1. Just the residues that are within 11 Å of residue 166 (Cα to Cα) and not aliphatic (A, V, I, L, M), please, taken from region 188-209.
2. State which residue pairs qualify: first residue modelled with pLDDT of 95 or more and inside region 117-134, second residue surrounded by 14 or more Cβ atoms within 10 Å (Cβ to Cβ) and in a helix (DSSP H, G or I) in any location, beta carbons under 6 Å apart, and separation of 6 or more residues or different chains.
3. Kindly indicate the residue of region 193-217 that is assigned to a loop (DSSP other than H, G, I, E, B) and not hydroxyl-bearing (Ser, Thr, Tyr) and also modelled with the lowest pLDDT among those meeting that condition.
4. For region 218-229, indicate whether the set of residues that are buried (at least 16 other Cβ atoms within 10 Å of the Cβ), more than 20 Å from residue 139 (Cβ to Cβ) and modelled with pLDDT under 95 is non-empty.
5. So residue 275 fits all but one of (1) out of contact with any helix residue (DSSP H, G or I) (no Cβ under 9 Å at 6 or more places or on another chain); (2) modelled with pLDDT of 90 or more; (3) not in a helix (DSSP H, G or I); what number is the exception?
6. Only one of 153, 163, 98 is without any contact (Cβ under 8 Å) to a residue 60 or more places away in the chain, surrounded by 16 or more Cβ atoms within 10 Å (Cβ to Cβ) and not in a helix (DSSP H, G or I); which?
7. Residues that are touching a helix residue (DSSP H, G or I) at 6+ places or on another chain (Cβ under 6 Å) and of a type in the set (D, E, K, R): does region 156-163 have at least one?
8. Would you mind stating whether residue 229 is hydroxyl-bearing (Ser, Thr, Tyr) and under 20 Å from residue 27 (Cα atoms)?
Amino acid sequence: MPRSGGLFFIDQGALLVKIDSALAVVVTGGASGLGLATVKALRAAGVRVAIFDLNEEKGAAAAKETGATFCRCDVLSDESVDQAFAKARTAQGQERALVCCAGGGNAILTAKRDKKTGAISFFPSEQFEWVLRLNTVGTFRCLTRSAAGMMTLEPVDGERGVLINTASAAAVEGQMGQAAYAAAKAGIVGMTLPIARDLSREAIRVVTIQPGIFDTPAMAGATPQMLESLGAMVPFPKRLGHPDEYASLALEVIRNGYLNGETIRLDGAIRMQPR
């Protein structure tokens, strides 16, 4: 029997989840960006994948390109999320992995003074609340449904499934104008461990990926000079992250059964500046 630090332990071997055609996965926000890259990586491994997305045109196109199942889904709505999971499970069976990439934000200062008129305005509360509902509550809404579904399954190699969330470097280093987005992503980071503890007795893991600046459609409006400047902020490698790199980590989280209750930074060691 192997021993460590003078203590005996039972070596059960590495428990790695097989990523193949026996696996069903749901990816929210799967029609573009980090979500679409994850869908492509999973499909390349033969996995059955359901794309949840609000954009029907992009969702249908992504499904056609990858061979995934598209399910229109508004993460702000209980009814829409329930319908999407029902459609996905009818098409491919109960998912054992959920990757939550749906989200978004805005850029509004908490309070500001107009440089020309001196007029003072403040961040509209409803816009702050919308960002929290989209990111934090929307993620939680999908997690709860997926976890409940996984609980109906028999464990495979001791595990029923894994839930993967997407936060942001803004969760800990939000820039000017990111009060709502930073709060929403910090909420995702903050709920990761408690949810992992809640679901531990059901053999369901919970992990959050915390990306830095990635080359996604959200950056489409940036000029080459802006992209170069953003890349220069990253210690190494000095560039924006590639969606494929996010997808690679998402697949490793699915594969590695000992990853649980953790938030993993994926950002080239960047620490965001105030602006």
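The values are calculated or read from the model by the stated rules, or taken from the named source; none is laboratory data. What you see is a predicted model; the values in this text were computed from it and never measured. Cβ coordinates were reconstructed from backbone atoms using ideal geometry, including for glycine residues, and neighbour counts include every protein chain displayed.
1. 192, 208
2. From residues that are modelled with pLDDT of 95 or more, the pairs are 128/180; 131/180; 131/181; 131/184; 132/184.
3. So, considering only residues that are assigned to a loop (DSSP other than H, G, I, E, B) and not hydroxyl-bearing (Ser, Thr, Tyr), the one modelled with the lowest pLDDT is 215.
4. No - not one qualifying residue is present in region 218-229.
5. (2)
6. Residue meeting the stated conditions: 153.
7. yes
8. Numbers: hydroxyl-bearing (Ser, Thr, Tyr): yes; under 20 Å from residue 27 (Cα atoms): no.
For residue 229, the condition - hydroxyl-bearing (Ser, Thr, Tyr) and under 20 Å from residue 27 (Cα atoms) - is not met.
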